[in-house]
Amino acid sequence: MADALNNNLNKNGKLSNRVKNSFFTVYIEQDEDGIFVGSIPAVPGCHAEGRTQKEMLKNLQEVLKLCLRNVNVREVEKTRFVGIQNLEVKYA
């Protein structure tokens, strides 16, 4: 991701119009009402919802395009997905 994005930065670190495809990790949850909620942890404020995963991903793609207009890609590049792990906690 870093190389593809680096080649498409303007002098302010923002994405230029030359970007064609980049891949981002999406975190998906389903709430108590069955609504799918997706977020991209590497991009602040980038989250969307939908009745289906397909609808949510379509909405998230549009939100991501808007978010990338206002983010410094060099900061986004510093974040990389490592994994998800379950953590057990005992509490009263």
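FYI, it's all coordinate maths here, none of it is from the lab. Note that the structure is predicted; figures quoted are calculated from it, not measured. Methodologically, a virtual Cβ is constructed for each residue, glycine included, from the backbone with ideal geometry; neighbour enumeration extends over all protein chains shown.
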Radius 14 Å from Cβ of A42, net charge of other residues (Lys, Arg +1; Asp, Glu -1) = +1
If you stretched the chain out fully between R74 and R51, how much longer would it get, using 0.36 nm times the residue separation minus the C-alpha to C-alpha distance?
-> 5.0 nm
